[in-house]
1. Could you please let me know if Pro320 is loosely packed, with under 13 Cβ neighbours inside 10 Å and at pLDDT 50 or above?
2. Quickly run through the range 207-218 and pick out the residues that are in contact (Cβ under 8 Å) with a residue 24 or more places away in the chain and over 16 Å from Val125 (Cα atoms).
3. Which of (1) surrounded by fewer than 22 Cβ atoms within 10 Å (Cβ to Cβ); (2) closer than 18 Å to Asn171 by Cβ does Gln279 not meet, given it meets every other one?
4. Determine whether Ala82 is assigned to a helix (DSSP H, G or I) and buried (at least 21 other Cβ atoms within 10 Å of the Cβ).
5. For the range 12-35, enumerate the residues that are modelled with pLDDT of 50 or more, part of a helix (DSSP H, G or I) and surrounded by 18 or more Cβ atoms within 10 Å (Cβ to Cβ).
6. Find all pairs meeting these conditions: Cβ atoms under 6 angstrom apart; at least six residues apart or on different chains; first residue within the range 109-127 and over 12 Å from Gln71 (Cα atoms) and touching a residue at least 40 places away in the same chain (Cβ under 8 Å); second residue open to solvent by 10 Å² or more (accessible area, probe 1.4 Å) and of a type outside the set (A, V, I, L, M, F, W, C).
7. Residues of the range 62-72 being in contact (Cβ under 8 Å) with a residue 60 or more places away in the chain and buried (at least 21 other Cβ atoms within 10 Å of the Cβ), which ones?
Amino acid sequence: MNLKSMSLGAAMRSLVAVAAIGGATMVGGTALAQLTAQDQGSAQALATDIAQAVQAAVAANEGQPGPVVEQAVEAAIAQTIAASNAPPAVANAAMATAVTTLSSQGLTAVPAVAQAVQSQQAVVVATAVTAAVQAAASTSAGQTPAAQQAAVEQAIATTLAVAQAPPAVANVAMAAAVSNLASAGVTSTPAVAAAVQAQQTVVVATAVAAAVQTAAAATAGASPAAQQAAVEQAIASTLTTAAVPPVVAQAALTTATTTLASQGISSPAVVAAVTSTQQTIATQTGTQPTQLAQGPTGETTTGTVEGPPAPPPPPPPVVPDYRG
């Protein structure tokens, strides 16, 4: 099944601004442990091949402009995986292991290499999620809706746990998988659709929280207006990449709000940016979300906003086209 090139291509070009390859924390052994003994061997061999292919591509393009290096690395990874004919789950575990290897070697510290690796990992994860959902939906077709939903949610969660991609990469991958599943008619089954939506909400919430953290840290010394604009842009970019309906965006942002509050990310500019986005979503859904608010001593609190929603703010700025 082909991935939607537009959703991946456009989204991945802005990934390097909000995600670092070093964010992948699962060691190769843990990823491989999810597979059978035979598949573990195949995944380990493929991981080695991927890492070597990236190393060779980087060496062959030393001194070349970033876009040239990025294209070469992407092609090397894609060709290596295609030549292996590995099942999606094996490719997913292999890519996670290869990312760990490349990170330990310092190769992903090069922006062009990091961008290429992130892009290809998003493709691999999207393919694995798509296959996992199709398999789970098929095997649980005769069960109750609740059982089928649970089976599909578990399949997605397991696939993402094996991948351990940075939040922004997982967000891109999940968006592509959702598009693929819709095109194939898999999510026409209510229980499957509910499971996919629930898992995408978790992925988007994690990505939003990470994006806000990154933007807030990067603009810590800037003016409040500049920090608010940066945080709003980070949230807008994340939600645009996810391509979720307003009700899902609202649920994801509410979850992200709780995460941010628990981490003490509560500068007035961040609070204003999050609140502004929540109000925009509320006008689209006709509801009022739980908001991130600044407490009397500067801490964050959460609560339901009473009274009519505030007028919507101006549209968020256009997300620039970042490239490593």
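1. Taking the combined requirement at face value, the residue does not satisfy it.
2. Val208, Ala209, Ala210, Ala211, Val212, Gln213, Thr214, Ala215, Ala216
3. Gln279 satisfies every listed condition except (2).
4. Taking the combined requirement at face value, the residue does not satisfy it.
5. Passing the criteria: Ala31, Leu32.
6. Pro111/Gly324; Thr127/Pro88
7. So the first thing to find is which residues in the range 62-72 are in contact (Cβ under 8 Å) with a residue 60 or more places away in the chain, and the list is 66-67, 70.
Scanning the range 62-72 gives a single hit, Glu70.
One line per residue, one yes/no per condition, for (1) over 17 Å from Gln199 (Cβ atoms); (2) assigned to a helix (DSSP H, G or I):
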residue	(1), (2)
Gln118	yes, yes
Ala122	no, yes
Thr130	no, yes
Gln134	no, yes
Ser138	yes, yes
Gln143	yes, no
Ala151	no, yes
Gln154	no, yes
Ala157	no, yes
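The values are calculated or read from the model by the stated rules, or taken from the named source; none is laboratory data. Just so we're clear, the structure is a prediction, and the values are computed from it rather than from any experiment. Neighbour counts run over all protein chains shown; Cβ positions are idealised from the backbone, glycine included. Ligands, DNA and RNA are stripped out before the accessible areas are found, and what is left, the full protein with its side chains, is counted by its heavy atoms. Shrake-Rupley method; radii C 1.70, N 1.55, O 1.52, S 1.80 Å.
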